[in-house]
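Colleague: Sending over a structure as structure tokens; questions will come in a sec.
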Amino acid sequence: MEAHMIIIQALGNWLTFVFATFWSMYLYDRDLLYPKYMDSIIPGWVNHGMHTLILPLTLVEMFVIPHQYPSMGKGLSIVGMSGLWNCIIHLYLRKWVYPIFKFLSPLGMIVFSGIAVVTVLFNYVLGRFLNRMIWGESKNETLKNSRL
């Protein structure tokens, strides 16, 4: 599978996670992720573009383009880079990308990260299942199964 397809598919799983996590936490306590003062910096339509529009676009893409899913290891490593990037930003700027992280203990961050990994894995398995239901088995999977 080509490298750019692996990255695109991993991003699709990550974007679904971003949508679900952002809006769940926003509805619970918006100040944990997106304090009110951010409304004066980032207009509401941009916020929806970053956190809402990604889900319908991901779903439309699923029905328009058949995907070849990367191995779970490759997909998770790409998603893991995003979490690592958040830590690097904090290391250099001494600010968290999302305010919730300043309220979490090290154990809380581990639990949050664990929940994130489980959610992304669920999205991966669900996306792979839906892709097979919509598009059938890919040529690569058919070839693998014929060798078994």
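Colleague: Could you list the residues of the stretch 105-131 with an amide nitrogen less than 14 Å from a label point located 7 Å from the Cα of Met81 in the Cα-to-C-beta direction?
Modeller: No residues fall inside that zone.
Colleague: Keeping all protein chains in place and using 1.4 angstrom, which order do Ile41, Ile89 fall into by accessible surface area, from largest down?
Modeller: Working: Ile41 110, Ile89 40 Å².
Ranked list, largest accessible area first: Ile41, Ile89.
Colleague: Using a 1.4 angstrom probe and counting only protein chains, how large is the accessible area of Val118 in Å², to 10?
Modeller: Surface open to solvent at Val118 totals about 90 Å².
Colleague: Moving on. Express in Å², to the nearest 10, the accessible area of Leu84 obtained by rolling a 1.4 Å probe over the protein heavy atoms while all chains stay in place.
Modeller: We get 100 Å² for Leu84.
Colleague: Rank Trp135, Trp23 by accessible area, highest first, at a 1.4 Å probe radius?
Modeller: Ranked from most to least accessible, the order is Trp135, Trp23.
The values are calculated or read from the model by the stated rules, or taken from the named source; none is laboratory data. The model shown is predicted, which means the values in this text are computed figures rather than measured ones. Glycine also receives a Cβ, built like all others from the backbone with ideal geometry; neighbour counts cover every protein chain displayed. These area figures cover heavy atoms from the full protein model, side chains too; ligands, DNA and RNA do not enter into them. Shrake-Rupley method; radii C 1.70, N 1.55, O 1.52, S 1.80 Å.
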